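K.L.:
I'd like to ask some things about the structure below.
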Amino acid sequence: MQLIVFTKDSKYYGIRTENVGEIIKSTKIFHVPQAQPWIEGLINLRGTIVTLVNFSKFLEEEDNGLHKNIIIIINESNKIGILVEEIIGVFTVNQEDIQLLDKKNDDNIEGIISINDNLTNIIDIMTIFTENEGSI
């Protein structure tokens with residue numbers, strides 16, 4: 001399994017690559033009034049309007065505003081952008097090395113693994129699609 005690993009406040013997070021369409025640099029954001037607090041706005045991705053989720057706010061953590069990259073997540077024909085800080089890289093990991101977590105603690109984190117001697121939270125990024133339904 002492959003993970004795209006990125007940082008937020010020097011913490012490592014990973015997303016499975018199977019749902020990642022591409023990674024782009026941060027771009028112009030069009031803010032949406034009365035959207036969920038974690039919706040940063042909309043972006044124009046080569047003529048396609050994409051909802052942009054602020055990763056920090058989605059996790060209900062403080063946002064430091066140091067966003068450099070957007071990870072485009074694809075679910076069937078839907079796309080959502082995830083606003084993140086720094087991309088560390090793409091890593092291949094063994095499924096057996098992932099320590100699974102109890103979903104009762106946090107629905108967004110499916111497990112942890114050590115990457116480059118850093119504990120990395122593996123995010124169940126598809127929860128963003130279910131959280132986002134009907135919010136824009």
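The values are calculated or read from the model by the stated rules, or taken from the named source; none is laboratory data. Note that the structure is a prediction, hence the values are computed from the model and not measured. Quick reminder, even Gly has a Cβ in these numbers, built from the backbone with ideal geometry, and neighbours come from all protein chains shown.
K.L.:
Just for strands (runs of 3 or more DSSP E) wholly inside the range 1-60: which have at least 1 residues that are among the small types (Gly, Ala, Ser), in contact (Cβ under 8 Å) with a residue 60 or more places away in the chain and touching a Phe, Trp or Tyr at 6+ places or on another chain (Cβ under 9 Å)?
P.N.:
Working: elements: 2-8, 11-16, 20-25, 39-45, 48-54.
Per the criteria, 11-16.
K.L.:
Take the conditions out of contact with any helix residue (DSSP H, G or I) (no Cβ under 7 Å at 6 or more places or on another chain) and at pLDDT 90 or above and apply them to LYS28. Does it pass?
P.N.:
Working: out of contact with any helix residue (DSSP H, G or I) (no Cβ under 7 Å at 6 or more places or on another chain): yes; at pLDDT 90 or above: yes.
The answer is yes for LYS28.
K.L.:
Quick one: would you say ASN64 is under 22 Å from ASP9 (Cα atoms), among the polar types (S, T, N, Q), outside any loop (DSSP other than H, G, I, E, B) and under 17 Å from the mean Cα position of the chain (by Cα)?
P.N.:
Values: under 22 Å from ASP9 (Cα atoms): yes; among the polar types (S, T, N, Q): yes; outside any loop (DSSP other than H, G, I, E, B): no; under 17 Å from the mean Cα position of the chain (by Cα): yes.
No; evaluated as a whole, the condition is false for this residue.
K.L.:
In this structure, is LYS79 touching a strand residue (DSSP E or B) at 6+ places or on another chain (Cβ under 7 Å), exposed (fewer than 15 other Cβ atoms within 10 Å of the Cβ) and over 19 Å from ILE113 (Cα atoms)?
P.N.:
Numbers: touching a strand residue (DSSP E or B) at 6+ places or on another chain (Cβ under 7 Å): yes; exposed (fewer than 15 other Cβ atoms within 10 Å of the Cβ): no; over 19 Å from ILE113 (Cα atoms): yes.
Considered against the rule, which asks whether it is touching a strand residue (DSSP E or B) at 6+ places or on another chain (Cβ under 7 Å), exposed (fewer than 15 other Cβ atoms within 10 Å of the Cβ) and over 19 Å from ILE113 (Cα atoms), LYS79 comes out as no.
K.L.:
Identify all residues within the range 1-51 that are of a type in the set (Lys, Arg), surrounded by fewer than 19 Cβ atoms within 10 Å (Cβ to Cβ) and under 12 Å from the mean Cα position of the chain (by Cα); write none if there are none. Working first, answer last.
P.N.:
First, the residues of the range 1-51 that are of a type in the set (Lys, Arg): 8, 11, 16, 25, 28, 46.
Imposing the further condition that a residue be surrounded by fewer than 19 Cβ atoms within 10 Å (Cβ to Cβ) reduces the set to 11, 16, 25, 28, 46.
Hit for the range 1-51 is ARG16, nothing else.
K.L.:
Looking at PHE91, PHE58, which one is among the aromatic types (Phe, Trp, Tyr), over 15 Å from the mean Cα position of the chain (by Cα) and within 23 Å of LEU3 (Cα to Cα)? Spell out the reasoning first.
P.N.:
On the way: PHE58 fails: over 15 Å from the mean Cα position of the chain (by Cα).
Residue meeting the stated conditions: PHE91.
K.L.:
For the range 75-101, what are the residues that are among the charged types (D, E, K, R) and in a strand (DSSP E or B)? Lay out the reasoning, then the answer.
P.N.:
Residues of the range 75-101 among the charged types (D, E, K, R): 76, 79, 85-86, 96-97.
Correct list: LYS79 only.
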